[in-house]
């Protein structure tokens, strides 16, 4: 979708708030949200559906609320959509906080959590029967248009000419994974020159690399 | 093929959440945790353990160890550039969001910079939680369009004859920048070298590391 999340190349967001501090959390609620997001996932959820739910946040909230707050809002939305809770529950949460309705799942220790993190090295690739359509070094052109659902071809790289830098294998296709449908499609690292992407970069030696699926690409026969 | 999920419903939920959530971030997250705990869906001690894991155990010190080892051990560096997930797993660091890790190397002629313009993809199990600026609109919008301007704000000046390569993390691949070893530091121990590697240098917003 051409949503507020698709920020590459947009202008007017001001200078970077530069920070070399390596503290992971700056408020207790940020840490709680991080831990929550690792602990509670609705059945059948995919990373792409979760990302799409974050993209669907109202633009003023997406830009105006702190980062981990947008995670919380995304989690609320996925939990409500999955039937884990209702909008009405949120209004009376402090009233239900007096006693647990159900026994909690067993507590995981630090060592168990570290082991779980290691086992969360999820792979998204698979062998497929088809051969890759494009070869390393081949010129390609990206699709000119997006669609209303989730996609990983940013607006700034649409209708642009690039060069296949590497084939990363067949990866889960995000546009369908966001609907809970898993198919694998070749995903390539594609190199774009800065001056192909930006008028003001004329003559620049700089490059931008994106990882793009076969559906986003066509051979450039020009 | 019909969707298992209802995007229209979620868009509507977000409109309600805009006005129905508690007024402050801390209260919103508290509401979420309370509801999940009450329904027996989450154990608060497990949340504590995740917070501890990403505060004390998993963070940029892991990435710094990988970089220092690559500086000291040419064979390790070769493995890291060829198959980064396997190379970081030699140190036990494979984990969340690093199964498709790629390492990109800075040289005298090349500087690498990593961004995620569409969300905030980051190699969690070796760099921990991403810094606030990495997740903010200013960095996400500008890194692909004005990388030299962004770098200048971090105090990094890139000579005209150096090529800047920006990696936009649009898929499940994640990127770790291998910075250059500071001049004169080659003989330091691996342990001492880890202290010289900044988190930002592994994202690409720091370049010229110094021997302290």
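No lab work stands behind these numbers, since they all come straight from the coordinates. Everything quoted here is computed from the prediction, not taken from an experiment. Cβ coordinates were reconstructed from backbone atoms using ideal geometry, including for glycine residues, and neighbour counts include every protein chain displayed.
Working from label points 7 Å from Cα in the Cα-to-Cβ sense, the residue A:112 to residue B:152 distance is 5.3 nm.
A simple spin-label model places pseudo-atoms 7 Å from Cα toward Cβ; at residue B:6 and residue B:192 they are separated by 6.4 nm. The relative contact order of chain B, computed from alpha carbon pairs under 8 Å that lie at least 6 residues apart in sequence, is 23 percent. For the peptides B:199-210, B:10-21, the ranking by packing is B:199-210, B:10-21, with the highest mean count of neighbouring Cβ atoms within 10 Å listed first.
Projection of the Cα convex hull of the stretch B:11-79, averaged over all directions and equal to a quarter of that hull's surface, yields 8.3 nm².
Which values of log₁₀ I(q)/I(0), to two decimal places, follow from the Debye formula for the stretch A:1-64 at q = 0.18, 0.20 Å⁻¹ with a uniform point scatterer at every Cα? Per q value, in the given order, log10 I(q)/I(0) is -1.03, -1.16. Taken over the stretch B:19-126, the ratio of Cα radius of gyration to 2.2 N^0.38 Å equals 1.45. Considering only B:150, B:115, B:66, the Gaussian network model of chain B with Cα springs below 10 Å gives its largest mean-square fluctuation to B:150.
Length, then width, then depth: along the principal axes, the Cα atoms of chain A run 68, 46, 35 Å. Result for chain A in a Gaussian network model with C-alpha springs under 10 Å: among A:152, A:41, A:32, the largest mean-square fluctuation is at A:32.
With only Cα atoms counted, the stretch A:133-222 has Rg and Dmax values of 13.3, 43 Å. Legend: mean number of C-beta atoms from other chains within 10 angstrom of residue C-beta atoms, peptide B:116-127, equals 5. Within 10 Å of the Cβ of each residue in A:79-90, the mean number of Cβ atoms contributed by other protein chains is 5.
Running Debye on the protein assembly as shown with equal point scatterers at the Cα sites and no solvent, what base-10 log of I(q)/I(0) appears at q = 0.09, 0.11 Å⁻¹? Values, matching the q order: -0.57, -0.87. Residue by residue along B:97-108, Cβ atoms of other protein chains within 10 Å of the local Cβ number 3 on average.
Taking a ≥ b ≥ c as the square roots of the eigenvalues of the Cα gyration tensor, the stretch A:141-188 is oblate, since a/c reaches 1.5 or more and a/b is not larger than b/c.
Based on Cα contacts under 8 Å between residues 6+ apart, chain A shows a relative contact order of 20 percent. Distance from the C-alpha centroid of the stretch A:183-222 to that of the stretch B:63-140: 22 Å, rounded to the whole angstrom. Of all beta bridges DSSP finds with both residues in the protein assembly as shown, what is the antiparallel percent, to the nearest 5? Restricted to the protein assembly as shown, the bridges split so that about 60 percent are antiparallel. Taking a point 7 Å out from the Cα of residue A:148 in the direction of its Cβ, the residues of the stretch B:1-24 whose backbone N falls within less than 17 Å of it are B:1-15.
Checking the a/c ratio against 1.5 first, then a/b against b/c, what shape does the Cα gyration tensor give for the stretch A:55-164? Since a/c reaches 1.5 but b/c is at least a/b, the shape of the stretch A:55-164 is classed as oblate. Within the stretch B:75-114, whose backbone N sits under 11 Å from a point 7 Å along Cα→Cβ of residue A:205? Under cut-off, by backbone N: B:108-111. The label point for residue A:88 and the one for residue A:23, both projected 7 Å from the Cα toward the Cβ, are 4.2 nm apart.
Along each principal axis, taking the top coordinate minus the bottom one, the Cα set of the stretch B:40-94 gives 49, 18, 11 Å in descending order. Specify whether the C-alpha gyration tensor of the stretch B:61-212 places it in the rounded, prolate or oblate class, a ≥ b ≥ c being the square roots of the eigenvalues: rounded for a/c under 1.5, otherwise prolate if a/b is larger than b/c and oblate if not. Cα axes put the stretch B:61-212 in the oblate bin.
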